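Peer 1: Input: one structure, supplied below.
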Amino acid sequence: MTLLAVAGGTGQAGSAVVREALARGYEVRSFSRRLPAPAAAIEGVDYVAADAATGEGLAAALDGAHAVVDALEGRGRAAQRVFPEAGRRLLAAAHGSGLQRAVMLSIAQCDQAPFGYYRSKVAKEEVYDAAKLPTVVVRAAQFHSLLAEIFAYGSRLHVVASLRGAQMQPIDVADVARALVDAAAEELPGHLRRTVSGPETKPVRDFAQEWRTAVGSTARILDLPMPVRFFSQRRNIAPGTAFGTTTFAQWLEGLRGA
Ligand SMILES: NC(=O)c1ccc[n+]([C@@H]2O[C@H](COP(=O)([O-])OP(=O)(O)OC[C@H]3O[C@@H](n4cnc5c(N)ncnc54)[C@H](OP(=O)(O)O)[C@@H]3O)[C@@H](O)[C@H]2O)c1
């Protein structure tokens with residue numbers, strides 16, 4: 001059986017990758033700094049501890065794997081500083097262990113945004129582009145869960161925050177996982193890039209309205225002025241990249257059934 005290593009396999013995107021890979025018949029090893037609590041562990045997964053930032057445990061985590069999907073997260077300034085380097089460590093270990101491919105999860109249009117967090121993604125993508133083994137960078141649009149989180153946050157103050165005139169093309173993390181496992185299975189040489197977004201590109205206000213309806217919120221939608229050109233000039237939109245099949249409304253409906 002082919003072994004897929006998932007860096008950050010205990011996280012939101014990583015655990016979706018783990019589930020997708022198991023469903024496709026892969027053997028799966030997840031690594032992260034902390035092991036999951038028994039109740040959160042997915043049956044059949046080999047969970048090991050490794051730290052991409054220090055390199056500790058990486059060689060063992062990758063041993064015998066065909067490919068690695070990097071779904072690591074580095075929020076906060078300190079983490080953003082080390083993450084490109086963590087990518088370098090991961091790729092060096094992957095090359096040393098004879099892996100055929102490394103796949104990085106990045107963010108759609110990250111090179112168009114002035115935010116430090118997005119710049120750290122671009123810096124890490126560059127590390128992937130210079131790797132000694134074939135790589136695929138999969139840039140994903142904002143997850144449905146992120147939009148829901150933003151709407152829920154404002155609603156504590158009885159407003160649902162929207163961005164005046166801005167559009168989004170959010171995607172279900174399960175669809176992102178599909179794209180990542182597809183990429184891990186490819187046999188193309190070199191360094192590839194692709195962007196995946198959800199099935200709909202719509203005003204943020206429309207998504208806010210869908211969220212309001214789904215959760216039964218009476219909070220008022222507040223159209224905030226757009227602070228950066230990334231949104232006002234719709235640089236966050238990647239045309240022609242629809243890949244996900246689950247709409248935001250369908251995803252919200254699924255949460256109710258969960
Ligand atoms: N949210 C969105 O809308 C969105 C959209 C597009 C792309 N993305 C990208 O998707 C990626 C994953 O996001 P997520 O929300 O799934 O993150 P998450 O839930 O915070 O998961 C992060 C994972 O990385 C592990 N990790 C962090 N630092 C590590 C280290 N030094 N060594 C080993 N493991 C480490 C974490 O486990 P430990 O903490 O136990 O180590 C966890 O398993 C991010 O790069 C993000 O930018 C997100």
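The values are calculated or read from the model by the stated rules, or taken from the named source; none is laboratory data. The model shown is predicted, which means the values in this text are computed figures rather than measured ones. Reconstructed Cβ throughout: ideal geometry from the backbone, glycine too, with neighbour counts over all protein chains shown. Side chains included, ligands, DNA and RNA excluded: accessible areas come from the protein's heavy atoms. Shrake-Rupley method; radii C 1.70, N 1.55, O 1.52, S 1.80 Å.
Peer 1: Given a 1.4 Å probe and heavy atoms of the protein chains only, how would you sort H158, H144, largest accessible area at the top?
Peer 2: Values: H158 135, H144 5 Å².
Largest accessible area first, the residues go H158, H144.
Peer 1: Could you sort the peptides 235-248, 8-21 by per-residue average Cβ neighbour count (10 Å cutoff), highest mean leading?
Peer 2: Highest to lowest by the protection proxy: 8-21, 235-248.
Peer 1: Please give the per residue accessible area of the stretch 101-172, computed with a probe of 1.4 Å over protein heavy atoms only, in Å².
Peer 2: Ligands and nucleic acids excluded, the figure is 38 Å² per residue.
Peer 1: Excluding ligands and nucleic acids, what accessible area in Å² is computed for Y153 using a 1.4 Å probe, to the nearest 10?
Peer 2: Ignoring ligands and nucleic acids, Y153 comes out at about 150 Å².
Peer 1: What's the carbon and sulfur percent of the chain's accessible surface, probe 1.4 angstrom, rounded to a whole number?
Peer 2: Values: 6420 of 12260 Å².
Of the solvent-accessible surface of the chain, carbon and sulfur hold 52 percent.
Peer 1: Further, regarding this structure: I'd like the FRET efficiency for H158 and E187, computed as 1/(1 + (r/R0)^6) with the beta carbon distance as r and R0 of 51 Å, rounded to 0.05.
Peer 2: 0.45
Peer 1: Ok, one more. Would you work out the relative contact order for the chain, in percent, from Cα pairs under 8 angstrom that are 6 or more residues apart? Mind dumping the intermediate values first?
Peer 2: Details: 533 pairs, mean separation 45.9, N = 258.
Relative contact order comes out at 18 percent.
Peer 1: Still on this structure, I have one more. For the stretch 138-203, what D do you get in µm² per second when you plug the Kirkwood radius from alpha-carbon pairs into Stokes-Einstein at 25 °C and 0.890 mPa s?
Peer 2: Details: Rh = 13.7 Å.
It diffuses with D of about 180 µm²/s by this estimate.
Peer 1: Right, here's the next one. So what is the 222 nm mean residue ellipticity for the chain from helices alone, if each DSSP H run of at least 4 adds -39500 (n - 2.57) and you divide by all residues, rounding to the nearest 500 deg cm²/dmol?
Peer 2: Dividing the helical sum by the residues of the chain leaves -12000 deg cm²/dmol.
Peer 1: Mind checking the log10 I(q)/I(0) for the stretch 21-127 at q = 0.09, 0.10, 0.12, 0.18 Å⁻¹? Debye, one equal scatterer per Cα, no solvent, two decimals.
Peer 2: Log10 of I(q)/I(0), two decimals: -0.25, -0.30, -0.44, -0.94.
Peer 1: Can you pull the accessible area of Y117 for me, 1.4 Å probe, Å² to the nearest 10?
Peer 2: 60 Å²
Peer 1: Restricting attention to the stretch 177-228, which GluC sites (Glu not before Pro) occupy a DSSP loop and are surrounded by at most 15 other Cβ atoms within 10 Å?
Peer 2: E186, E187
Peer 1: Taking H as built 1.01 Å from N, whose amide H comes closer than 5 Å to the amide H of A166, not counting residues under 5 places away?
Peer 2: V204
Peer 1: Let me ask something else. Please report the equivalent ellipsoid semi-axes of the stretch 70-113, computed as sqrt(5 x eigenvalue) of the Cα gyration tensor, largest first, in whole Å. Could you put the intermediate results ahead of the total?
Peer 2: Details: eigenvalues 95, 38, 12 Å².
After scaling each eigenvalue by five and taking roots: 22, 14, 8 Å.
Peer 1: In addition: Report the normalised scattering of the chain as log10 I(q)/I(0) at q = 0.11, 0.17 Å⁻¹, calculated by the Debye formula with identical scatterers on the alpha carbons.
Peer 2: Values, matching the q order: -0.61, -1.31.
Peer 1: As a test of reading the structure, rank L163, L62, L157 by solvent-accessible area (1.4 Å probe, protein chains only), most first.
Peer 2: Numbers: L163 40, L62 0, L157 130 Å².
These residues rank, largest area first, as L157, L163, L62.
Peer 1: What would the Debye equation give as log₁₀ I(q)/I(0) for the stretch 48-200 at q = 0.09, 0.19 Å⁻¹, counting only Cα atoms as equal point scatterers?
Peer 2: The Debye formula, applied to the Cα set alone, gives -0.32, -1.20.
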